[in-house]
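For reference, the structure discussed in these notes is given below.
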Amino acid sequence: MSGNGRIRIVVADDHPLYREGVARALADDPGIEVVGQGEDADSAVTLTHELRPDLVLLDLSMPGGGGIEALRRIRAGNAPPKVAILTVSEEDDDVMRALKAGAAGYLLKGIGSRELVAIVKDLARGLTYVSPTLAGRILNAMREGGARKAPNPIDDLSKREEDILRLVAEGQSNKEVGLALDLQEKTVKHYMTSILQKLHARNRVEAAVIARGHWTK
């Protein structure tokens, strides 16, 4: 914490209005100081190294590798801060990946500002937090031994990601996929970032080839 006892926080999210709103909500509390804002994974890591905050709040789907990649890079540094994911994703595998990578918290974006402030203070004190709507499912998964890695990367995809990949493999654009699945085009792009990471694919064409090779077996 800073010399005045305030919790120093970096917020990283590629949606400026949402990021700035979170920063304002946190900064309104006298016990919190927002020292930096980033718009992608690289800026989140750079700001963390430069500013040495107590806590970093990361969006899951950001340019530059996403929140999980930023989380891993931050946690690999010397004396890393606490890191929490603040996202819209309620996918079990996203929660498990975040926790396995070292996240202290996994928060959903529907959270209110007062609750966010309270959770941030708990995280800074060393507690952990997973949104209640997800906690029960994750505990059950952990009791069963957690998610086991399948030999084929396709099996690591969530149901939504698989639905998107099937349409991409058919040659549909992000806009067409969004219309078919009632999703915003930007949301489809975020899902595609996650799909490429999980498949270790360099682009959507390579991902489609991997998918066809799996589904035609």
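The requirement of being open to solvent by 60 Å² or more (accessible area, probe 1.4 Å), in a helix (DSSP H, G or I) and either modelled with pLDDT of 85 or more or more than 23 Å from Asp40 (Cα to Cα) (or both) is satisfied by Arg73.
The requirement of being more than 15 Å from Pro81 (Cβ to Cβ) and touching a residue at least 24 places away in the same chain (Cβ under 8 Å) is fulfilled nowhere in region 47-54; no residue meets it. Contact annotation: residue pairs with Cβ atoms under 6 Å, 6 or more positions apart or on different chains, pairing a residue in region 165-192 that is without any contact (Cβ under 8 Å) to a residue 12 or more places away in the chain and acidic (Asp, Glu) with a partner that is in a helix (DSSP H, G or I) and buried (at least 18 other Cβ atoms within 10 Å of the Cβ), are Glu185/Asn174; Glu185/Gly178.
I'm told Val88 meets every condition in (1) open to solvent by 60 Å² or more (accessible area, probe 1.4 Å); (2) modelled with pLDDT of 95 or more; (3) closer than 20 Å to Leu196 by Cβ except one. Can you identify the failing condition by its number? All conditions pass for Val88, except number (2).
Set side by side, the residues Glu185, Glu161, Glu176 differ, and just one is of a type outside the set (Gly, Ala, Ser), more than 30 Å from Ala25 (Cβ to Cβ), modelled with pLDDT of 85 or more and under 20 Å from the mean Cα position of the chain (by Cα), which is Glu161.
The single condition among (1) surrounded by 14 or more Cβ atoms within 10 Å (Cβ to Cβ); (2) on the phi < 0 side of the Ramachandran plot that Arg114 does not meet is (1).
The residue of region 167-217 that is least open to solvent (accessible area, probe 1.4 Å), among those that are assigned to a loop (DSSP other than H, G, I, E, B) and among the hydrophobic types (A, V, I, L, M, F, W, C), is Ala201. Applying a threshold of 8 Å to beta carbon distances and a minimum spacing of six or more residues, or different chains, the list of pairs starting in region 108-137 at a residue that is free of Cβ contacts under 8 Å to residues at least 40 places away in the same chain and more than 14 Å from Val83 (Cα to Cα) and ending at one that is part of a helix (DSSP H, G or I) and open to solvent by 40 Å² or more (accessible area, probe 1.4 Å) reads Leu108/Thr133.
I want to confirm something. Restricting to region 47-62 and keeping residues that are open to solvent by less than 70 Å² (accessible area, probe 1.4 Å) and either assigned to a helix (DSSP H, G or I) or not hydrophobic (A, V, I, L, M, F, W, C) (or both), which single residue is nearest to Val120 (Cα to Cα)? Steps first, answer last, please.
Of region 47-62, the ones open to solvent by less than 70 Å² (accessible area, probe 1.4 Å) are 47-48, 51, 53-62.
Narrowing further to those that are either assigned to a helix (DSSP H, G or I) or not hydrophobic (A, V, I, L, M, F, W, C) (or both): 47-48, 51, 53-54, 59, 61.
Details: Leu47: 18, Thr48: 17, Leu51: 18, Pro53: 13, Asp54: 10, Asp59: 15, Ser61: 20 Å.
Among them, the one singled out is Asp54.
When Ala150 is tested against (1) modelled with pLDDT under 80; (2) within 19 Å of the chain's Cα centre (by Cα); (3) among the hydrophobic types (A, V, I, L, M, F, W, C), exactly one condition is not met: (2).
The values are calculated or read from the model by the stated rules, or taken from the named source; none is laboratory data. Keep in mind that what you see is a predicted model, and the values were worked out from it rather than measured. Here Cβ is always computed from backbone atoms with ideal geometry, including for glycine, and neighbour counts include all displayed protein chains. The accessibility values were calculated without ligands, DNA or RNA, using every heavy atom of the protein model including side chains. Shrake-Rupley method; radii C 1.70, N 1.55, O 1.52, S 1.80 Å.
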